[in-house]
1. Taking the conditions exactly as written (part of a helix (DSSP H, G or I), over 30 Å from residue 114 (Cα atoms) and either of a type outside the set (A, V, I, L, M) or in contact (Cβ under 8 Å) with a residue 40 or more places away in the chain (or both)), does residue 37 satisfy them or not?
2. Can you tell me how many residues in the range 60-73 are more than 16 Å from the ligand (Cβ to nearest atom), within 14 Å of residue 99 (Cα to Cα) and free of Cβ contacts under 8 Å to residues at least 40 places away in the same chain?
3. Restricting to the range 93-113, and then to whatever is in contact (Cβ under 8 Å) with a residue 24 or more places away in the chain and within 16 Å of the ligand (Cβ to nearest atom), can you tell me which residue is surrounded by the most Cβ atoms within 10 Å (Cβ to Cβ)?
4. Among the hydroxyl-bearing types (Ser, Thr, Tyr), touching a residue at least 40 places away in the same chain (Cβ under 8 Å) and either within 16 Å of the ligand (Cβ to nearest atom) or farther than 19 Å from residue 2 by Cβ (or both), is that true of residue 24?
5. Which members of the range 11-34 meet the condition of being part of a strand (DSSP E or B) and either of a type in the set (A, V, I, L, M) or surrounded by 16 or more Cβ atoms within 10 Å (Cβ to Cβ) (or both)?
6. Out of 57, 76, I need the residue that is at pLDDT 95 or above, of a type outside the set (Phe, Trp, Tyr) and within 16 Å of the ligand (Cβ to nearest atom). Which one?
7. From the set of residues in the range 80-92 that are more than 8 Å from the ligand (Cβ to nearest atom) and either more than 22 Å from residue 35 (Cα to Cα) or surrounded by 13 or more Cβ atoms within 10 Å (Cβ to Cβ) (or both), which is nearest to the chain's Cα centre (by Cα)?
8. How many of the residues making up the range 62-116 are among the aliphatic types (A, V, I, L, M) and closer than 30 Å to residue 15 by Cβ?
Amino acid sequence: MHEYSLVQALLERVEETARSHHATAVHRVTVRIGPLAGVERDLFHTAYQICRAGTLCGAAELVITGEDVVWRCEACGAEIRAGNVLACPTCGWPARLAGGDALLLERLELEVPSHV
Ligand SMILES: [Zn+2]
């Protein structure tokens with residue numbers, strides 16, 4: 001299950017960011033996962049609950065947001081929604097995936113002491 005290694009990498013990244021901001025705790029972690037990211041949201045959540053123990057995310061809520069699958073024409077830049085023919089209606093150029101495969105740390109809410 002690669003969700004566990006993804007969560008480990010996420011937690012490392014979060015801790016790194018939290019430390020650089022002198023945060024004492026993390027309140028909320030928001031992650032964006034597109035439907036084409038190849039990540040099982042439930043597994044990601046479960047992995048998070050297990051892996052966060054002992055980290056700054058020990059009490060942090062995990063919020064998973066999604067994104068739409070979007071294709072784009074490489075020639076004219078027109079946006080082509082998934083479900084249509086994956087070619088530009090204007091140019092006939094094959095569409096390129098422009099959204100839906102995201103897996104990124106979108107937002108971090110940190111507890112930072114007022115005077116450091
Ligand atoms: Zn086009």
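The values are calculated or read from the model by the stated rules, or taken from the named source; none is laboratory data. Computed from a predicted structure; not experimentally measured. Using ideal geometry, Cβ is built from the backbone for each residue, glycine included, and neighbour counts are taken over all protein chains shown.
1. When the stated conditions are applied, residue 37 does not pass them.
2. 4
3. 95
4. So residue 24 passes the test.
5. If the condition is that a residue be part of a strand (DSSP E or B) and either of a type in the set (A, V, I, L, M) or surrounded by 16 or more Cβ atoms within 10 Å (Cβ to Cβ) (or both), then 25, 26, 29, 31, 32, 33 are the ones that fit.
6. Answer to the selection: 76.
7. 82
8. 11
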